1. Can you say whether V154 is of a type outside the set (D, E), within 18 Å of the chain's Cα centre (by Cα) and surrounded by fewer than 21 Cβ atoms within 10 Å (Cβ to Cβ), as far as the supplied structure shows?
2. Does the range 320-338 include one or more residues that are surrounded by fewer than 24 Cβ atoms within 10 Å (Cβ to Cβ), free of Cβ contacts under 8 Å to residues at least 12 places away in the same chain, part of a helix (DSSP H, G or I) and not hydroxyl-bearing (S, T, Y)?
3. Name the residues in the range 352-393 that are at pLDDT 85 or above and not in a helix (DSSP H, G or I), would you?
4. From A403, A399, A451, grab the single residue that is modelled with pLDDT under 85, among the hydrophobic types (A, V, I, L, M, F, W, C), crowded, with 22+ Cβ neighbours inside 10 Å and in contact with an Asp or Glu (Cβ under 9 Å, 6 or more places away or on another chain).
5. As an exercise: evaluate V61 against (1) at pLDDT below 90; (2) surrounded by fewer than 23 Cβ atoms within 10 Å (Cβ to Cβ) and give the number of the one condition it does not meet.
6. Quick test for you: out of R263, R259, pick the one residue that is modelled with pLDDT of 85 or more and either outside any helix (DSSP H, G or I) or surrounded by 24 or more Cβ atoms within 10 Å (Cβ to Cβ) (or both).
7. When you go through V95, V175, V125, V159 one by one, which is the residue that is β-branched (V, I, T), more than 24 Å from K64 (Cβ to Cβ), part of a loop (DSSP other than H, G, I, E, B) and more than 13 Å from the chain's Cα centre (by Cα)?
8. Name the residues in the range 394-417 that are in contact (Cβ under 8 Å) with a residue 12 or more places away in the chain and more than 24 Å from the chain's Cα centre (by Cα), would you?
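The values are calculated or read from the model by the stated rules, or taken from the named source; none is laboratory data. Quick caveat, the model's predicted, so the values are computed rather than measured. Cβ: placed from backbone, ideal geometry, glycine included. Neighbour counts: every protein chain shown.
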Amino acid sequence: MGSDRRIVVTHESHVTHRDPNLRHPEKPQRRPRFYYGWTIVAVVGMVGFSHTAETLPILSVFLKPITDEFGWTRSAYVGSIAVGTAVGSLMAIYVGPKLDKLGARWILVGSFAVLASTFFLMSWVQNLWEFYTLQIIGRTVQTGVMSLAITTIVPKWFVAKRGRAVALAGMGNKVGHTFLPWIAQQFVRVLGWRWAYSGLGGMVLLVSMAPAALLLRRRPEDMGLLPDGAEPHDDDPQEGSIGQAGRPIRKQEVSYAARQVLRMRSFYLLTGSFTLFFFINPSVSLHAIPYLTDQGININTAVAVVMVWSSTGVIGSFGSGFLAERFDPRKLMAVQLLLLGAGYYFLLNVSTTPMAFAWGAYYGVVQSGIFTLQQIIVANYYGRETLGAVRGIMWPVQALANAVGPMAAALVFDITGAYVIIFNAFIVIAFMAAALVFMARPPRAQLRVEAVQAT
């Protein structure tokens, strides 16, 4: 590999060799009956629940009330989200390696404190510059720190059971997207959008900060554990082997240095596919409620449709997580992106309440599975030791697409008075994303527990 030298070492010595400042993991002992990784899954679920408070389905609830009160255009409203997302994308480059070295625990605690503060202050907004300041701060923290951290925590604790663990952790996000838009809408309807923001601020503090501070840990080795709660037997390299008392032997994987990943064709194909997805999916998440109400569907029904797509997302996330342990997740994701494109054609033809609910159920199953598969594919391809750094390199361009897509949809609406042109473009983009991920074949498989160190 040119100037790179491949070093095959045990997992534990790999960590010490790569960063002597890290605490040397304790020698693994006999595993406890309950694996702490499942506690991590539960905490990430709670973190994901509160994290949704600054995501686009919830911001969609506030779009019409705020723009109607102040007389702003939809582009002006979305512009603050776009700028904050863009700033967050740059922050991710710095945050990614820190997540590998320090873990997500205190990084997330600080982020939730900032996010809750922006929600409380949002209830006092009186003009556009105040709104932009707070929204940019909130989106920067949400996209540049929280979204990145959530995707790196669980894959570090699981290898053989990564699919189901990621899917279970993602339930918090699905529950948040299911109920928070409805809760926010009820606050807006009864008390107004300002009280709704204050309520979200209190929820963030109560649900996520304390569990993250008390229970999150960086990786299993810091607690003397191995991924999946496996026993420390290195003499059987086969996946799915069974150790003492029927416990699994750890599944083995390779971790590549970030500079090596940057020379892999698969990295650019995956980044391209993920970026296209992040251009189209957040756009629909933000504009779905306004679009449905423009089609003559009342606001409460439109919010209920969002609840349906979020709740059926549980099916898509679980299904994708378990299927990814048995089939090639790359091919699974390609199929789901094709189905996503078909979903935009479906949306363009929604004109009645039953059609709206049918679309919500379909869209929820399809799009939620893609988020799960993205986490699994990156961890499977490049390993868990440098996952934060790799995701930190990927994330900026994805986050920029996250900012540009909703803004493009808003501009098209402001210019044409409809979403028809942009939604048709989303169909083509989804098919392009499917082609890219299908071509992204994984690095060559290696059968030993290895670490690849660039020197």
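1. When the stated conditions are applied, V154 does not pass them.
2. No, that holds for no residue.
3. Hit for the range 352-393 is T352, nothing else.
4. Going through A403, A399, A451 in turn, just one is modelled with pLDDT under 85, among the hydrophobic types (A, V, I, L, M, F, W, C), crowded, with 22+ Cβ neighbours inside 10 Å and in contact with an Asp or Glu (Cβ under 9 Å, 6 or more places away or on another chain): A451.
5. Among (1) at pLDDT below 90; (2) surrounded by fewer than 23 Cβ atoms within 10 Å (Cβ to Cβ), the lone unmet condition for V61 is (2).
6. So the residue among R263, R259 that is modelled with pLDDT of 85 or more and either outside any helix (DSSP H, G or I) or surrounded by 24 or more Cβ atoms within 10 Å (Cβ to Cβ) (or both) is R263.
7. Step by step, each of V95, V175, V125, V159 is checked, and only V159 is β-branched (V, I, T), more than 24 Å from K64 (Cβ to Cβ), part of a loop (DSSP other than H, G, I, E, B) and more than 13 Å from the chain's Cα centre (by Cα).
8. Of everything in the range 394-417, those that are in contact (Cβ under 8 Å) with a residue 12 or more places away in the chain and more than 24 Å from the chain's Cα centre (by Cα) turn out to be L411, F413, D414.
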